Amino acid sequence: MSLNLEQYVSEFSAHNVNGEHLLQLDGSKLKCPRLTSSQDRAVVKKKLKEMKASLEKARKAQEKMEKQREKLRKKEQEQLQRKSKKPDKCSSDATEGASEQ
């Protein structure tokens, strides 16, 4: 509808073509019997290409964020492990002081 192609809404609805399904259609599948005008087909194919590129960009950004989170998690775990391996200076001084008395 945003492409001013409202005349095809009923055709797509009748064939149960939703947004997800539409993204999977190629030029030949758009032809029969859905989009009869080659101009309309070209408009839809161009918009689908833009949408796919946008989705791919968003997917890559999501993957990058997940990798950064995982890297931070690993770094935090390493820091915790280092802290648990280091003897606590205050407690070791206290034990030394107690054993000297």
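Ignoring solvent entirely, what values of log10 I(q)/I(0) come out of the Debye formula for the range 5-81 at 0.15, 0.17, 0.21 Å⁻¹ when each Cα is a single scatterer?
Taking Cα atoms of the range 5-81 as identical point scatterers yields -0.62, -0.71, -0.93.
Would you work out what percent of the accessible area of the range 5-81, with all protein chains in place, is carbon or sulfur (probe 1.4 Å)? Working shown, then result.
On the way: 3280 of 6220 Å².
It is 53 percent, rounded to a whole number.
Calculate, for the range 5-81, the solvent-accessible area per residue in square angstrom, rolling a 1.4 angstrom probe over the heavy atoms of the protein chains.
Working: 6220 Å² over 77 residues.
I get 81 Å² per residue for the range 5-81.
Under 19 Å from the Cα of Lys75, which lysines turn up, not counting those fewer than eight places away in the same chain?
Straight-line reach from Lys75, under 19 Å: Lys64, Lys67, Lys83, Lys85, Lys86.
Label points 7 Å out from Cα along the Cβ direction at Thr36 and Leu22: separation in nm?
2.0
The values are calculated or read from the model by the stated rules, or taken from the named source; none is laboratory data. In this text the structure is predicted, and so the values were computed from the model without any measurement. A quick note on method: Cβ atoms are made from the backbone with ideal geometry, for glycine too, and the neighbour counts reach across all protein chains shown. Remember, those area values only see protein heavy atoms, side chains included, never the ligands or the DNA or RNA. Shrake-Rupley method; radii C 1.70, N 1.55, O 1.52, S 1.80 Å.
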